[in-house]
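The values are calculated or read from the model by the stated rules, or taken from the named source; none is laboratory data. The model shown is predicted, which means the values in this text are computed figures rather than measured ones. All Cβ positions, glycine included, derive from the backbone under ideal geometry; neighbour counts span all protein chains shown. Side chains included, ligands, DNA and RNA excluded: accessible areas come from the protein's heavy atoms. Shrake-Rupley method; radii C 1.70, N 1.55, O 1.52, S 1.80 Å.
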Amino acid sequence: MREALAARGIRQVAGVLLDIGVSSPQLETPERGFSFARDGPLDMRMDTTRGETAAQWLNRADEKEIREVIWRHGEERFAKSIAAAIVATRLREPFRTTRQLAEVVGRAVRTREPGQHPATRTFQAVRIFINQELEELEVTLPQAAALLEPGGRLAVVSFHSLEDRMVKNFIRERSTADKLPRGVPVRAAELPLPELRAVGKVIKPSEEEVRRNPRSRSAKLRVAEKN
Ligand SMILES: C[S@@+](CC[C@H](N)C(=O)[O-])C[C@H]1O[C@@H](n2cnc3c(N)ncnc32)[C@H](O)[C@@H]1O
C-alpha cells in the first residue's frame, strides 16, 4: 500500500477502508474454486497469477501441517479426522475439485453445526492459508495507520473471528499510551499521544441487514482515528 501510494506521489491519506476476505464474485464463480456449494477446480487463490492452488497444497502437504491449518485457521474441532481423511483419499486419487474436498470433509465431520455445511470451516481454513490472509493483514494494518494524516480514519470490515481479533488487538495496542516507569515525574498531559484512538465500539449488521444480505451476518466493522 505504501509503495503503491508513493508511486503516485501520495504520502498521507484521510482514510483507509479495508473490506477484507473473499468476495461474492469469487464465491459464485465455480472456476475460482472457493465454494463447497459449486463444483470447480480446487484453486482458492485470490491472485491466480502466483502461488500454489489448494489442490496442489492438499496433495503434497503432510498430515500434521494440514491438521494444524484446519485447526488454527478454521477453529475446526474435527481437524484431526479431516486431515487423516484427506491424506487417505489422495493416496487413491489426488484432489482436483471443490466437490471432492467437500465430500471427504463431510464424511469426516461427525457432528454438524446447525445451518452450516460441514466443510465450511475447512474451506475457510484452506483459503486463509493459501492466500496468507492473516499474514497480509498483519503487514497491512501498521502501514494503513502510518499513512493516515492526523484526524484520518482506518475502517476495517472483517468476516471471521481470527481477522476481527487481529484488528481489535491492533487498534487497542496502538490506542494505548506508552507506560512510563514508576516514579517518573511527568504529568499525563505531557505524555505523547498514542498513534490511534479507537472510535466507538465494534459495529455489527442489524437484523434487517442480515435478512436482506445473509452474507453480512458475521461482518464486523472497527474504526480508529489517527491522533
Ligand atoms: C470482501 S472482498 C471486497 C469486496 C468489495 N469491497 C465489494 O464490496 O464488492 C475482498 C477483496 O480483496 C481482495 N484481496 C484479498 N487479499 C488482498 C490483498 N492482500 N491485497 C489486495 N486485495 C486483496 C480479494 O481478492 C477480494 O476481491
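Scanning region 50-68 for residues that are more than 15 Å from GLU133 (Cβ to Cβ), within 20 Å of the chain's Cα centre (by Cα) and open to solvent by 70 Å² or more (accessible area, probe 1.4 Å) returns ARG67, GLU68. Has region 147-165 got at least one residue that is without any contact (Cβ under 8 Å) to a residue 60 or more places away in the chain, away from the ligand (no atom under 16 Å from the Cβ), under 30 Å from ARG2 (Cβ atoms) and open to solvent by 50 Å² or more (accessible area, probe 1.4 Å)? Within region 147-165, one or more residues are without any contact (Cβ under 8 Å) to a residue 60 or more places away in the chain, away from the ligand (no atom under 16 Å from the Cβ), under 30 Å from ARG2 (Cβ atoms) and open to solvent by 50 Å² or more (accessible area, probe 1.4 Å).
Checked against (1) modelled with pLDDT of 95 or more; (2) open to solvent by less than 60 Å² (accessible area, probe 1.4 Å), ARG8 meets all criteria but (2). Across region 176-190, a minimum of one residue is classified as charged (D, E, K, R) and part of a helix (DSSP H, G or I). Scanning region 69-86 for residues that are under 19 Å from the mean Cα position of the chain (by Cα), part of a helix (DSSP H, G or I) and either outside the structural domain of GLN124 (by TED's automatic domain parsing) or buried (at least 16 other Cβ atoms within 10 Å of the Cβ) (or both) yields a count of 6.
Taking every residue in region 35-53 that is at positive phi and pairing it with any residue that is open to solvent by 60 Å² or more (accessible area, probe 1.4 Å) and in a loop (DSSP other than H, G, I, E, B), at least 6 positions away or on another chain, the pairs with Cβ-Cβ distances below 9 Å are GLY51/GLN132.
Say we look at region 35-68 and pick out the residues that are in a helix (DSSP H, G or I) and in contact with a Phe, Trp or Tyr (Cβ under 6 Å, 6 or more places away or on another chain); which of these is nearest to the ligand (Cβ to nearest atom)?
Keep residues of region 35-68 that are in a helix (DSSP H, G or I), which gives 54-60, 63-68.
So of that shortlist, the ones also in contact with a Phe, Trp or Tyr (Cβ under 6 Å, 6 or more places away or on another chain) come out as 55, 58-59.
Working: ALA55: 19, LEU58: 21, ASN59: 24 Å.
Among those residues, the one meeting the criterion is ALA55.
Among all residues of region 19-34, there is at least one that is over 18 Å from PHE129 (Cβ atoms), away from the ligand (no atom under 15 Å from the Cβ) and either surrounded by 15 or more Cβ atoms within 10 Å (Cβ to Cβ) or not β-branched (Val, Ile, Thr) (or both).
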